[in-house]
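Below: the structure, in structure tokens.
The values are calculated or read from the model by the stated rules, or taken from the named source; none is laboratory data. As the structure is a computational prediction, the values presented were derived from the model and not from experiment. Glycine gets a Cβ as well: all are built from the backbone with ideal geometry, and neighbour counts include every protein chain shown.
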């Protein structure tokens, strides 16, 4: 069985020297184009024939640490682990000694003795990076303020199911370009050859380092990554249209200012009509109808948000299997 070619993290310290073959999934850019394609292929296989991998991780335990509330991420990772035969252990910081001041390093090293992988949904990207530095098992970023790579995997699988090849298709994201989903979509598009257009107000652009790195990755695939301030221009001719909430967890105090700035970027029926007739609408959920998307769009025939949500399960099962077993097939 071939190993999915995730990038290695050499030089992260002597604590990891003896396990340099292990890989983590901290952001989409941790993958290569071939690795991403193989991971999506594995997800398709697991979705089509889930019984073929139901015992793949029997006897293993997956630690799932949630600093942020969660519906889809919490349940999909638990279901993905169970589908592989593993036992998910869901934890909050208050249930760990982290809540009493134990260091991330000590927590990560301790959990590594019990678990095949550590999944963490948190605020600061630095927290995920620190877990990955000290853990001797794979660490998965289930969401941070900067990146949401697991969501992007489900997004790509959904687009691929509808259109076939991702290369040459175009996704338009309307809203806050500095959003964690927008960041991961830029990296995913770069690796998949999927053109990504971000439409956002001035001052809400993607992080400069993220887009510069994504454009460097896109040189391998020819993907076009663009940032515009005109929502109509961005959505015109798009194959997929994407929205996310305007104020994420931790940004509630900015809600009114964000609403004023982002209202012109709501995915309305009028804007959606500018996309291709066969275009699909995507949203990572939860959604606020009447804010980032009009109800007739998210609840209309072009919306695939429920398939997109369901695709979190096979993509996360593929990810856990690939990281812990290095397999590119669910066999």
Inset, instruction - With a cut-off of at least 1 residues that are over 30 Å from residue 201 (Cβ atoms), name the strands (runs of 3 or more DSSP E) lying wholly within region 105-179. - result: 117-121, 139-143
Inset, instruction - Tell me which of these residue 314 doesn't satisfy, since it passes every other one: (1) closer than 22 Å to residue 147 by Cβ; (2) assigned to a loop (DSSP other than H, G, I, E, B); (3) in contact with a helix residue (DSSP H, G or I) (Cβ under 6 Å, 6 or more places away or on another chain). - result: (2)
Inset, instruction - Scan region 248-256 and give yes if some residue there is farther than 30 Å from residue 139 by Cα and either touching a residue at least 60 places away in the same chain (Cβ under 8 Å) or in the same structural domain as residue 74 (by TED's automatic domain parsing) (or both), otherwise no. - result: no
Legend entry - Candidates 319, 228 - the one that is assigned by TED's automatic domain parsing to the domain that holds residue 79, touching a strand residue (DSSP E or B) at 6+ places or on another chain (Cβ under 7 Å) and either more than 28 Å from residue 122 (Cβ to Cβ) or surrounded by 15 or more Cβ atoms within 10 Å (Cβ to Cβ) (or both): 319
Inset, instruction - Hey, can you tell me all the residues within region 269-293 that are assigned to a loop (DSSP other than H, G, I, E, B) and within 25 Å of residue 48 (Cβ to Cβ)? - result: 278, 284, 285
Inset, instruction - Identify the residue in region 46-64 that is assigned to a strand (DSSP E or B) and in contact with a helix residue (DSSP H, G or I) (Cβ under 7 Å, 6 or more places away or on another chain) and, among all such residues, is nearest to residue 143 (Cα to Cα). - result: 64
Inset, instruction - Could you tell me which of the residues 191, 186 is crowded, with 24+ Cβ neighbours inside 10 Å, in a helix (DSSP H, G or I), within 18 Å of the chain's Cα centre (by Cα) and in contact (Cβ under 8 Å) with a residue 40 or more places away in the chain? - result: 191
Legend entry - Residue among 264, 296 that is part of a helix (DSSP H, G or I) and within 11 Å of residue 174 (Cβ to Cβ): 264
Legend entry - Number of positions in region 1-52 that are within 20 Å of the chain's Cα centre (by Cα) and either modelled with pLDDT of 95 or more or under 20 Å from residue 152 (Cβ atoms) (or both): 30
